[in-house]
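The values are calculated or read from the model by the stated rules, or taken from the named source; none is laboratory data. Treat the numbers as computed from the prediction; the structure is a model and nothing was measured. Every residue, glycine as well, gets a Cβ built from its backbone with ideal geometry; the counts of neighbours run over all protein chains shown. Note: accessible area is taken over every heavy atom of the protein model, side chains too, but ligands, DNA and RNA are not part of it. Shrake-Rupley method; radii C 1.70, N 1.55, O 1.52, S 1.80 Å.
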Amino acid sequence: MATKDSLVTIFGKANVLDDPAVLAAYAKSHSFDPGFKPWYVVKPKDSEQVEKLVKWANKTKTPLVPVSSTGVKLRGDSVPSVPEAVVVDMSGMNKVLNVNRQQRMAVVEPGVTYDQLNKELAKQKMTIPGSLKAKAGQSVLTDVVEAVPRLNPMIQWNFFDPLRCAEITWGDGQRMFTGEAAGGPRDLEKQWNNQTWQVLYMGPWMTDYFRFVTQAQGTMGIATWVSLKTAVKPLVHQLFVAEADDLAALESFVYKAMWTRFPDEIFILNRAQAANVMGKTVEEIEMLKEVLPPWIVAVGVAGREIVPEVRFEARSKDLIDIAQANGLDLKEGISNLSGRALYEEVSGTDKGKTYWKDVYAGSHQNVFFLTQLDKTGMFLKAVREIAEDLGYPTEDIGVYIQPKHLGSSYHMEFTFPYDPDSAKQEGRVQDLVDAVSVAVSDLGGYFSRPYGKWAGIQLNKDAQSASALKKLREIFDPADIMNPGKLPI
């Protein structure tokens with residue numbers, strides 16, 4: 001049996017943790033899925049140590065669970081599903097390895113957060129479009145590898161943009177570069193000296209290997225750096241907002257706006273979710289629920305270095321005209337909601353002591369999936385009916401709809417706040433999440449990020465894909481050491 005000494009040999013004594021209180025913290029998440037306390041937590045400092053660890057785990061048959069973000073764990077993907085696992089805490093590998101303005105690229109390690117990366121990018125007047133009000137301590141690498149939706153879908157030229165190349169240690173212990181980086185040499189500094197910037201994601205050869213680790217919850221391997229497509233920071237920017245009494249009233253405008261490719265950011269929030277985003281206290285959230293409209297669509301317009309004012313003015317006027325043609329009034333702000341203030345909240349990281357979705361009731365659960373915009377009303381109706389049947393207040397349900405990949409699909413997310421100190425509320429929300437998950441699947445929703453029970457629901461719908469995934473796991477992780485139990489195949 002493996003011993004602590006063998007881990008200390010790789011990482012040093014200070015980077016092998018076994019304090020019971022520390023281990024217990026890695027076994028908790030917002031998920032209702034059960035988790036196990038890990039055997040040890042190790043903190044690598046470089047990719048060589050990660051490679052040694054994975055090879056050690058293959059010899060000792062020890063499960064590994066990679067973690068990159070710090071703070072509250074929102075899902076169960078980074079909590080061990082089996083006993084005697086070793087958590088690989090990558091948060092200490094937090095270097096921004098390279099920023100290249102000419103190529104608009106950045107290369108980051110797993111522990112780099114949005115605040116850290118944007119601070120470095122700002123030095124060269126650059127930025128990276130983020131996800132909706134990312135939590136404090138959120139790893140950028142994890143966010144993009146798990147394909148969390150971007151606020152700006154117009155820069156997604158493939159489904160996984162801004163992710164491009166990566167260094168991966170697969171479950172069998174083999175370490176490789178993917179995409180353009182695989183052309184070698186396996187040394188980033190030498191590649192940069194040769195004017196190679198890890199821009200193209202295709203390869204090596206005819207296979208896009210980076211896709212095997214995306215949305216896989218660490219079950220294929222461990223990424224130790226990724227290259228990301230960034231953007232020039234706008235010189236002029238405004239987030240416009242339009243309101244509507246029902247979701248259907250926003251559909252035609254969003255479709256037309258996406259078709260023009262004029263917006264930067266574009267997303268939809270219902271009253272409850274907008275209040276959750278903006279409110280800092282329970283009282284503020286309650287007040288906002290009283291004054292905000294039932295639905296809002298937010299549209300960002302930017303002007304960058306070449307004639308920024310002209311670009312901004314032309315696109316703004318066209319989008320305002322398109323909105324009016326579809327029965328909407330696109331403005332810089334609406335009842336107690338400034339577009340600029342909304343943008344500051346959604347584009348930044350959460351600054352509160354309590355995670356923003358937990359402020360209202362103390363905890364929350366999410367159900368999210370991919371669909372098409374014209375089908376969102378069908379899902380909304382089904383979720384409300386289930387909530388009413390179970391006695392959950394429908395006015396507390398938060399809804400967030402985000403176009404992805406130039407509008408080729410839409411992320412739809414339901415948030416259910418609840419009091420974790422109330423066994424009755426917790427049980428009701430657990431029943432609600434289970435029932436909604438099944439209903440979403442039955443109606444054609446696609447769990448592209450299949451956490452917890454969603455993995456079984458989604459994989460059971462496609463035996464051929466499940467069989468292919470099983471074969472891939474046998475190739476890349478033959479000993480089944482990478483986060484076992486997360487994808488039940």
The one condition P294 fails out of (1) more than 24 Å from the chain's Cα centre (by Cα); (2) at pLDDT 95 or above; (3) under 16 Å from P129 (Cα atoms) is (3)
List every residue pair whose Cβ atoms sit under 6 Å apart, with the two residues 6 or more apart in sequence or on different chains, where the first one lies in region 58-83 and is more than 18 Å from H364 (Cβ to Cβ) and the second, anywhere, is assigned to a helix (DSSP H, G or I) and modelled with pLDDT of 95 or more. L64/A57; S68/L141; S68/T142
When region 410-426 is checked residue by residue, the ones that are surrounded by 16 or more Cβ atoms within 10 Å (Cβ to Cβ) and either among the basic types (K, R) or in contact with a Lys or Arg (Cβ under 8 Å, 6 or more places away or on another chain) (or both) are Y410, H411, T415, P417, Y418
What tally of residues in region 147-171 results from selecting those that are open to solvent by 20 Å² or more (accessible area, probe 1.4 Å), over 25 Å from V299 (Cβ atoms) and aromatic (F, W, Y)? 0
Single condition I296 does not satisfy, out of (1) open to solvent by less than 20 Å² (accessible area, probe 1.4 Å); (2) in contact (Cβ under 8 Å) with a residue 60 or more places away in the chain: (2)
Please work out which one of (1) assigned to a loop (DSSP other than H, G, I, E, B); (2) under 28 Å from N118 (Cβ atoms); (3) of a type outside the set (K, R) is the condition D246 fails and give its number. (2)
Of all the residues that make up region 252-284, how many are surrounded by fewer than 18 Cβ atoms within 10 Å (Cβ to Cβ), in contact (Cβ under 8 Å) with a residue 60 or more places away in the chain and not aromatic (F, W, Y)? 7
Given the residues A314, A387, which is the only one that is small (G, A, S), in a helix (DSSP H, G or I) and in contact with a Ser or Thr (Cβ under 9 Å, 6 or more places away or on another chain)? A387
Whichever residue in region 102-146 is assigned to a strand (DSSP E or B) and open to solvent by 20 Å² or more (accessible area, probe 1.4 Å) and, among such residues, is farthest from K351 (Cα to Cα): T127
On the basis of being in contact (Cβ under 8 Å) with a residue 40 or more places away in the chain, basic (K, R) and assigned by TED's automatic domain parsing to the domain that holds K45, does R150 make the cut? no
Residue under question is T354, and the condition is that it be polar (S, T, N, Q), open to solvent by 60 Å² or more (accessible area, probe 1.4 Å) and outside any helix (DSSP H, G or I); does it hold? yes
If you check D374 against the conditions, is it within 30 Å of D161 (Cβ to Cβ) and open to solvent by 10 Å² or more (accessible area, probe 1.4 Å)? yes
Out of curiosity, is G92 surrounded by fewer than 20 Cβ atoms within 10 Å (Cβ to Cβ) and among the small types (G, A, S)? yes
Hey, can you tell me all the residues within region 438-453 that are open to solvent by less than 20 Å² (accessible area, probe 1.4 Å) and in a helix (DSSP H, G or I)? V440, S441
State yes or no: is I397 β-branched (V, I, T) and open to solvent by less than 20 Å² (accessible area, probe 1.4 Å)? yes
Give the residues of region 466-483 that are out of contact with any helix residue (DSSP H, G or I) (no Cβ under 7 Å at 6 or more places or on another chain), modelled with pLDDT under 95 and open to solvent by less than 80 Å² (accessible area, probe 1.4 Å), sorted by residue number. S467, A468, L469, R473
Identify, please: which residue in region 35-67 is farther than 14 Å from P484 by Cβ and assigned to a loop (DSSP other than H, G, I, E, B) and is, among those, most open to solvent (accessible area, probe 1.4 Å)? K45
Any idea which of G71, G76 is under 19 Å from A216 (Cα atoms) and not assigned by TED's automatic domain parsing to the domain that holds V213? G76
Which one of Y400, Y392 is modelled with pLDDT of 95 or more and closer than 27 Å to N158 by Cα? Y400
Filter pass, S347 being farther than 21 Å from Q425 by Cα, in contact (Cβ under 8 Å) with a residue 40 or more places away in the chain, polar (S, T, N, Q) and open to solvent by 10 Å² or more (accessible area, probe 1.4 Å): yes
Kindly indicate whether R175 is surrounded by fewer than 21 Cβ atoms within 10 Å (Cβ to Cβ) and touching a strand residue (DSSP E or B) at 6+ places or on another chain (Cβ under 6 Å). yes
The listed residue being in a helix (DSSP H, G or I) and either more than 25 Å from G279 (Cα to Cα) or free of Cβ contacts under 8 Å to residues at least 12 places away in the same chain (or both), out of F369, F379: F379
